[in-house]
Amino acid sequence: MTIKVFGHMAPDTDSTGAPLVWAWYLSEIRGTPAEAKLLGEPNTEAAFVLTRWGLDKPEIIGGVAAGEQVVIVDTNNPAELPEGINDADILEIIDHHKLVGGIETKGPINITVRPVACTVTVMNDLMGDAAAKMPEAIKGAMLSCILSDTLEFRSPTTTEVDKALAEKLAGELGVNIPAYAAEMFAAKSDVSAFSDAELIRMDSKKYEVGGKNFRVSVLETTAPDIPLSRKDSLMESFKSVAAEDGVDEVLLFVVDILKEEATLLVPNQTVKTVAEKSFGATVDGDTVVLPGIMSRKKQIIPALTL
């Protein structure tokens, strides 16, 4: 049986690259057949990375069958995984997010969750000496994942381990990190082809705050004017997205990678209250700039309150 390796729904660069990295390791080093899969279309940055390194886009799957062998990477949240995930035979979980709970396994498994910025940083350590055998394309995917998750080391989630690994990989690949990261972020910023609902769901997670369910969405970009020019239609779409996804409110943060700040769209009194109580912001109008806010995991989610 071939093991399926996948990350979370709405795959970003880490949830696209990490399955490729680990599937290579399982197949080529451990001798256990494995294939990377995706739980949706990769975002524009992840699609650029696949093309840049000559990697085939993994198959997009809609679910997993009972008893199917799987490895979960870059998440441990059942809400971000296929329905029936607990009926699959989960062999391993590799992640860098907080433990959510709710996943059940058939027996004891290896679970590795470490406080670093990127899943592939954990994987590199787990590989040990075998990491030196990675082909160029897999190294390229690994480098791309780290630069994406750390926003080229700007994110407060960045650790020295992430940075050292990225610099090592870049040196081996002959890649100039600032130039390559700029290409990646330009690809991420090209969102013109996406509908409002697609933009809202592109990089988002569900969280419960003060008895209300929120979809917390982040758009990381070097061209914030592009999504912000659509703020009226985006905020109008919040209503239908919330209804379809079974949440009370949508919080959309447009993160300006270069200025290192986020702009929160404020469509109503509830979101205004969230902005004021969570970030000490003064809201005047339908947007508010939050200086220094870059990371949903480390700065946004822990601060949310009503």
Please state which one of Ala182, Ala170 is more than 19 Å from the chain's Cα centre (by Cα), in the same structural domain as Val116 (by TED's automatic domain parsing), surrounded by 14 or more Cβ atoms within 10 Å (Cβ to Cβ) and assigned to a helix (DSSP H, G or I). Ala170
Filter pass, Arg201 being charged (D, E, K, R), outside the structural domain of Asn77 (by TED's automatic domain parsing), crowded, with 18+ Cβ neighbours inside 10 Å and part of a helix (DSSP H, G or I): yes
Quick check on this structure: which one of Lys133, Lys106 is of a type in the set (D, E, K, R), at pLDDT below 95 and over 19 Å from Pro302 (Cα atoms)? Lys106
Please identify the pairs in which a residue from segment 66-90 that is assigned by TED's automatic domain parsing to the domain that holds Thr119 and within 15 Å of Ser15 (Cβ to Cβ) has its Cβ atom under 8 Å from the Cβ atom of a residue that is among the charged types (D, E, K, R) and in a helix (DSSP H, G or I), counting only partners at least 6 apart or on another chain. Asp74/Asp14
Quick one: how many residues across segment 28-53 are touching an Asp or Glu at 6+ places or on another chain (Cβ under 8 Å), of a type outside the set (A, V, I, L, M, F, W, C) and within 23 Å of Val64 (Cα to Cα)? 4
Looking at segment 1-19, which of its residues are modelled with pLDDT of 95 or more, assigned to a loop (DSSP other than H, G, I, E, B) and either on the phi > 0 side of the Ramachandran plot or hydroxyl-bearing (Ser, Thr, Tyr) (or both)? Thr2
Among the residues in segment 32-48, are any under 21 Å from Ala117 (Cβ atoms), over 13 Å from the mean Cα position of the chain (by Cα) and surrounded by fewer than 21 Cβ atoms within 10 Å (Cβ to Cβ)? yes
Residue list for segment 81-115, filter: outside any strand (DSSP E or B) and either under 17 Å from the mean Cα position of the chain (by Cα) or closer than 30 Å to Pro156 by Cα (or both): Leu81, Pro82, His96, His97, Lys98, Leu99, Val100, Gly101, Gly102, Ile103, Arg114, Pro115
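The values are calculated or read from the model by the stated rules, or taken from the named source; none is laboratory data. Just so it is clear, the model here is predicted, and its values are computed rather than measured. A quick note on method: Cβ atoms are made from the backbone with ideal geometry, for glycine too, and the neighbour counts reach across all protein chains shown.
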